[in-house]
């Protein structure tokens, strides 16, 4: 697939990028492998952390420039792009400040004598990343692995090459040595060959279930560690005692943020029957007032989908859902324009035999379900191939905590949308993938937790 920057608001081609050859890949592998075997990667962590501090400062000083690049390339609202850029600086700074503590030796009590676990880099990591958060997804991999000493080769999505290139330049400017982070414009076949290479020891992917399956299979074939952050069909549960104004307001944000193109977006709204009509009425009213338009306009509330392909896929999904019995409560079609705009949409009466019941809708489409009680809400929440995040709204926190414990996901937020922060682990279960990114858990995914014992 060609690496191109296309403005999704009007589908105008801005720039094409030259793909990297097998020769380029070999050179990148050599550099990364040499770095892994150097004192920089294997020596004291203190020499690597200043790079992350400098990177955080650089990003903070260029918020506007970086945000504009992302918004123009994949359609995110400009204010949301600014938020993503600032989050990247926070992640870099978080690992700069905390990685040394996370990777410090951990003592173990044993009758043998003294024992501890050390943390060492394992080698070159292959990262495959998506377009929807074009900087954040990269930073989630770079920051912990740079701190740990693992060089990274990165294949970004083909529709965000400008973001990919810009990020790589920032890492170099921050003082990272050759091979620490290498951006590659390559095909999925080339990715498979890289994973197979003996110099590579791990693969990290954020993306579709299909892509995750291929990468995980290749990593497993060659007995290499992998982490997968895949799709989601997250629930947004509103119980009968919830603050409805708050739930509606946050629910709209949770569904429409990044034009609904978020793996952790609220997609299945599960409403207690006592408040279902009230919530739906207010939610529909809020959807009807959403301003759709140019992502660079500060007053816009819903920008374009990332690509023409994304628009076509979503349109087919909605049409198919209705054909199979779902009711189109609001919206339901692309907007007439040169860009990839889809109107905010609400589907109701989705039955279990409707394909839409199990599908992830990557766009501004909310599904509404009504349940009688907490048990029914949990049962519906867990009746999914995915298990990424979820949200529960109620004023009874103990009730929410009990429900959160029963929902089969990697994350649950109470009275808030599924969110992210540098200090919080991110990841899911079932077909949403495995492994964790961010926090102390994220940095330990690709390290050798080496036991050392001194016998009495």
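Every number here is computed from the coordinates shown, using simple stated rules; none is lab data. Bear in mind the structure is a predicted one, so any value in this text is a computation, not a measurement. Positions of Cβ are generated from backbone atoms using ideal geometry, with glycine treated the same way; all protein chains shown enter the neighbour counts.
Table for the structure above
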| quantity | calculated |
| --- | --- |
| Cα-based equivalent ellipsoid, the stretch 135-218: semi-axes from gyration tensor eigenvalues, Å | 21, 15, 12 |
| Where labels lie 7 Å past Cα in the beta-carbon direction, separation of residue 117 and residue 196 in nm | 3.4 nm |
| Degrees separating the helix 308-323 axis from the principal Cα axis of the chain, which is the longest one | 40 degrees |
| Paramagnetic reach from residue 440 in the stretch 69-96 [backbone N under 19 Å; point 7 Å along Cα→Cβ] | 91-96 |
| Kirkwood Rh, angstrom, the stretch 1-136 [1 / mean 1/r, Cα pairs] | 18.4 Å |
| Fully extended contour minus Cα-Cα distance, from residue 21 to residue 249, at 0.36 nm per residue | 77.2 nm |
| Crossing angle, helix 161-173 versus the chain [Cα axis fit, 0-90 degrees, rounded to tens] | 40 degrees |
| Rg to Rh, two decimals, where the stretch 232-326 supplies the alpha carbon set and Rh follows Kirkwood | 0.99 |
| Convex hull per residue volume in Å³, alpha carbons only, for the stretch 202-272 | 97 Å³ |
| Rough spin-label spacing in nm, given labels placed 7 Å along Cα→Cβ, for residue 419 and residue 108 | 3.7 nm |
| Residue-span extension gain [residue 187 to residue 274] - 0.36 nm each, minus C-alpha spacing | 26.2 nm |
| Cβ-based exposure ranking for 142, 280, 13, in which fewest neighbours within 10 Å come first | 13, 280, 142 |
| Of all DSSP beta bridges in the chain, antiparallel share, percent nearest 5 | 40 percent |
| Least to most buried among 22, 396 (fewest other Cβ within 10 Å first) | 22, 396 |
| Least to most buried among 156, 20 (fewest other Cβ within 10 Å first) | 20, 156 |
| Extension gain from residue 397 to residue 448, taking 0.36 nm per residue of separation minus the Cα-Cα distance | 14.4 nm |
| Ellipsoid semi-axes in whole angstrom, largest first, where each is sqrt(5λ) of the Cα gyration tensor of the chain | 38, 27, 19 |
| Sequence-separation-based contact order of the chain, relative, with Cα cut under 8 Å and 6+ spacing, percent | 19 percent |
| Rounded FRET efficiency, nearest 0.05, which uses the C-beta distance separating residue 64 from residue 210 and R0 of 35 Å | 0.45 |
| Kirkwood Rh (inverse of mean 1/r, distinct Cα pairs), the stretch 57-104, angstrom | 11.5 Å |
| Spherically averaged projected area of the stretch 309-367 from its Cα convex hull (nm²) | 3.6 nm² |
| Relative contact order, percent, the stretch 302-456 [alpha-carbon distance under 8 Å, six or more residues apart] | 14 percent |
| 0 to 90° range, to nearest 10: angle between helix 244-256 axis and the chain longest Cα axis | 60 degrees |
| Computed Kirkwood radius, in angstrom, where 1/r is averaged over Cα pairs of the stretch 323-423 | 15.6 Å |
| Where the Cα pairs of the stretch 235-421 fall when distances are cut into 10 Å bins, in % | 10, 39, 37, 13, 1 |
| Considering only the stretch 235-421, percent of DSSP beta bridges that pair antiparallel, nearest 5 | 15 percent |
| For a label point 7 Å along the Cα-to-beta-carbon line of residue 375, residues of the stretch 398-415 with backbone N under 16 Å | 403, 406-407 |
